[in-house]
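The values are calculated or read from the model by the stated rules, or taken from the named source; none is laboratory data. Only a predicted model underlies this, so the values are computations on that prediction, with no experimental measurement involved. Note that each Cβ is placed from the backbone with ideal geometry, even for glycine, and that neighbours are counted across all protein chains shown. For the accessible areas, the whole protein counts, side chains as well, though only heavy atoms, and no ligand, DNA or RNA atoms are used. Shrake-Rupley method; radii C 1.70, N 1.55, O 1.52, S 1.80 Å.
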Amino acid sequence: MKLNYSESSLVIIGSWNPSIVNPPWIGTHLIEATDFDNQSIKMDLVGNNTLSIRDASISASFDGIKIILIGNRLEFRLEMGDDFNLLEKYALKTFRLLPNTFVTGYGINFHFYDERINETILNTIDTKIFSDLNMQLITQQSNLGFNLDDMVMNISTNIDKQNNASGVGFNFHFNIDRLSIFESLLSQHSMFNLKERAINVLSDVYGLKVEV
């Protein structure tokens, strides 16, 4: 299994002002380097077959990361490299610039994949009950949720027979209502530490070898 850094993310749920995802605001408030200008920030708008521009996804790429806003989800992803500290840095800075934004929670997501049908993952999804049906199985999924005191850990496993691939996704969810809680929890449970916890689950529970 390999960790897909570009598909892993930090997501904050709140009533975000869409005007923050634009080059002038990002260049003036978020980016610290003096050699950045508005032309260095790549913007993208994706409609996703929605009927209204209000429901579209808007994103900005800079300094090796991408910020994506869709609805009440503000998502931070790496565009290159493996330094999750960048996501934490810009998430904290955004929050500190907008401390009165109403928020309800945040999540840390990791996506591990295998470019084959991994038998270990396949064996965790029992589909024998469908063996007598005259249908072709193309995908298999399972979802588990665990309460870990101050967070919830969700694990999803997926088998894609059409593309001959498999994967395991981790979501660590935290309920928050203000900046101070976000800072405290992120300090206690950094993305690096949660990544290690996910890897331990893959290794100790599933018996999978992980490349990071």
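Couple of notes before you dig in:
- Ordering I58, S156, I138 by Cα displacement along the dipole of the chain toward the positive end leaves I58 in first place; charges were set at the Cβ atoms of Lys, Arg (+1) and Asp, Glu (-1).
- Taking every protein chain into account, the 1.4 Å probe leaves R116 with about 110 Å² of accessible area, to the nearest ten.
- Out-of-range pairs (alpha-carbon distance over 21 Å; input K66/K195; K66/K209; K42/K93; K2/K42; K2/K161; K89/K195): K66/K209; K2/K42
- Here region 103-212 is assigned +1 on the Cβ of each Lys and Arg and -1 on the Cβ of each Asp and Glu. Its dipole about the Cα centre then comes out at about 100 debye.
- Net charge of the neighbourhood of H189, taken over other residues with C-beta under 15 Å away and scored Lys/Arg +1, Asp/Glu -1, is -3.
- Exposed loop sites are taken as GluC sites (Glu not before Pro) in a DSSP loop (any state but H, G, I, E or B) with at most 16 other beta carbon atoms within 10 Å; the longest stretch of the chain without one runs 116-212.
- ³J(HN,Hα), Karplus 6.51/-1.76/1.60, whole Hz, each residue of region 155-162, x for Gly, Pro: 10, 10, 10, 9, 10, 10, 6, 5
- All Cα-Cα distances of region 158-201, cut into 10 Å bins from zero to the largest, leave 22, 36, 25, 13, 3 percent in each bin in turn.
- Kirkwood estimate for region 108-212, i.e. one over the average of 1/r between Cα atoms, Å: 15.4 Å
- Close amide-amide hydrogen proximity is noted between A165 and D160, each under 5 Å apart and 5 or more residues distant or on a separate chain (H modeled in the peptide plane; Pro and chain starts excluded).
- Between N158, N17, N123, the GNM of the chain built on Cα springs shorter than 10 angstrom shows N123 fluctuating the most.
- Residues A165 and S19, FRET efficiency given R0 of 45 Å [Cβ-Cβ distance, rounded to 0.05]: 0.70
- Cα-based helix-to-principal-axis angle, 191-204 vs the chain, degrees rounded to 10: 0 degrees
- Under 5 Å between amide hydrogens, built in the peptide plane, is the criterion, and for E79 it picks out I65, K66 among residues at least 5 positions away or on other chains.
- Charged side chains reduced to their Cβ positions (Lys and Arg at +1, Asp and Glu at -1) give the chain a dipole of some 320 debye around its Cα centre.
- The residues of the chain expose on average 56 square angstrom of accessible surface per residue, using a 1.4 Å probe on protein heavy atoms.
- Whole-percent carbon and sulfur share, accessible surface of the chain, 1.4 Å: 48 percent
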